[in-house]
1. Can you confirm whether region B:101-113 contains a residue that is without any contact (Cβ under 8 Å) to a residue 24 or more places away in the chain, more than 11 Å from residue B:32 (Cα to Cα), touching a helix residue (DSSP H, G or I) at 6+ places or on another chain (Cβ under 8 Å) and outside any strand (DSSP E or B)?
2. Looking at region A:4-37 only, could you name the residues that are surrounded by 13 or more Cβ atoms within 10 Å (Cβ to Cβ) and farther than 23 Å from residue A:85 by Cα?
3. Given the criterion over 23 Å from residue B:49 (Cβ atoms) and either in contact with a strand residue (DSSP E or B) (Cβ under 7 Å, 6 or more places away or on another chain) or surrounded by 19 or more Cβ atoms within 10 Å (Cβ to Cβ) (or both), identify the matching residue among A:82, A:42.
4. If residue A:15 passes every condition in (1) in contact (Cβ under 8 Å) with a residue 12 or more places away in the chain; (2) out of contact with any helix residue (DSSP H, G or I) (no Cβ under 8 Å at 6 or more places or on another chain); (3) farther than 17 Å from residue B:37 by Cα but one, which one does it miss?
5. Filter region B:31-40 down to residues that are touching a strand residue (DSSP E or B) at 6+ places or on another chain (Cβ under 6 Å) and more than 8 Å from chain A (Cβ to nearest Cβ) and give me whichever is surrounded by the fewest Cβ atoms within 10 Å (Cβ to Cβ).
6. So which residues in region B:60-94 are surrounded by fewer than 16 Cβ atoms within 10 Å (Cβ to Cβ) and within 11 Å of another protein chain (Cβ to nearest Cβ), if there are any at all?
7. Just to be sure, is residue B:48 modelled with pLDDT under 95, closer than 16 Å to residue A:101 by Cα and within 11 Å of the chain's Cα centre (by Cα)?
8. Assuming residue A:58 fulfils every condition listed in (1) surrounded by fewer than 19 Cβ atoms within 10 Å (Cβ to Cβ); (2) in contact (Cβ under 8 Å) with a residue 12 or more places away in the chain; (3) under 13 Å from the mean Cα position of the chain (by Cα) apart from one, which condition is it?
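The values are calculated or read from the model by the stated rules, or taken from the named source; none is laboratory data. These numbers were taken from a predicted model, which means no experiment stands behind them. Heads up, the Cβs are rebuilt from the backbone with ideal geometry, glycines too, and the neighbour counts pull from every protein chain shown.
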């Protein structure tokens with residue numbers, strides 16, 4: 001069964017607008033962590049933001065924030081004030097305490113920022 | 001500056017060849033991973049290792065094996081390369097804590113002809 005689901009293969013957003021990239025996950029482990037990575041066309045994987053299952057507040061890192069809805073098992077990435085350089089593939093990933101060594105990824109969302 | 005280095009950026013191999021992909025990390029991480037990335041499928045875990053000489057199968061281990069003789073080095077082996085193994089291969093390493101991020105190499109684009 002898919003542990004991480006990203007239902008948006010591609011998204012478009014106008015420069016300077018905000019965009020939300022969806023991620024839902026499936027786990028029975030009460031202790032887990034959620035990660036978002038960015039992969040530009042150059043191919044490097046860039047870590048963006050982390051949310052722990054016990055964290056009381058939504059994670060934020062600069063223009064990135066994570067809309068964490070535990071009951072719905074969703075961890076959507078919000079990018080505010082989009083820039084042309086935000087055009088990239090974005091991956092959601094999860095690590096569970098029960099299998100803490102593994103990092104499982106979703107299929108990704110290709111974001112294109114339009115001028 | 002932390003680094004995960006993969007030995008090749010591009011490789012072209014013939015069907016049936018034995019192929020070695022090497023990965024080295026300088027962060028003293030316990031965990032190391034091999035993923036393959038294909039369009040529309042995201043990153044799929046092939047194998048990972050949590051200690052020297054220790055390995056566990058990921059989601060798609062068939063046709064692959066791994067070796068970890070030293071903590072800093074994790075090798076992916078294609079015993080007999082096939083055209084369906086043409087893909088981008090990504091190596092990563094991380095610490096063991098739940099909240100620790102993984103660091104990735106630059107990727108190896110393997111083409112099997």
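1. So the first thing to find is which residues in region B:101-113 are without any contact (Cβ under 8 Å) to a residue 24 or more places away in the chain, and the list is B:101.
The next check asks that each one be more than 11 Å from residue B:32 (Cα to Cα); those that pass are B:101.
From what's left, touching a helix residue (DSSP H, G or I) at 6+ places or on another chain (Cβ under 8 Å): none.
Looking for residues that are without any contact (Cβ under 8 Å) to a residue 24 or more places away in the chain, more than 11 Å from residue B:32 (Cα to Cα), touching a helix residue (DSSP H, G or I) at 6+ places or on another chain (Cβ under 8 Å) and outside any strand (DSSP E or B), one finds none in region B:101-113, hence no.
2. Within region A:4-37, A:4, A:5, A:24, A:25, A:27, A:29, A:31, A:32, A:33, A:34 qualify.
3. Working: A:42 fails: either in contact with a strand residue (DSSP E or B) (Cβ under 7 Å, 6 or more places away or on another chain) or surrounded by 19 or more Cβ atoms within 10 Å (Cβ to Cβ) (or both).
Just a single option satisfies the conditions, and that option is A:82.
4. For residue A:15, the exception is condition (2).
5. From region B:31-40, those touching a strand residue (DSSP E or B) at 6+ places or on another chain (Cβ under 6 Å) are B:31-38; that's our starting set.
If we keep only those that are more than 8 Å from chain A (Cβ to nearest Cβ) as well, we get B:32, B:34, B:36-38.
On the way: B:32: 28, B:34: 27, B:36: 23, B:37: 21, B:38: 12.
Here the residue is B:38.
6. Matches in region B:60-94: B:88 only.
7. On the way: modelled with pLDDT under 95: yes; closer than 16 Å to residue A:101 by Cα: yes; within 11 Å of the chain's Cα centre (by Cα): yes.
Spelling it out, residue B:48 is indeed modelled with pLDDT under 95, closer than 16 Å to residue A:101 by Cα and within 11 Å of the chain's Cα centre (by Cα).
8. Against the list (1) surrounded by fewer than 19 Cβ atoms within 10 Å (Cβ to Cβ); (2) in contact (Cβ under 8 Å) with a residue 12 or more places away in the chain; (3) under 13 Å from the mean Cα position of the chain (by Cα), residue A:58 comes up short only on (2).
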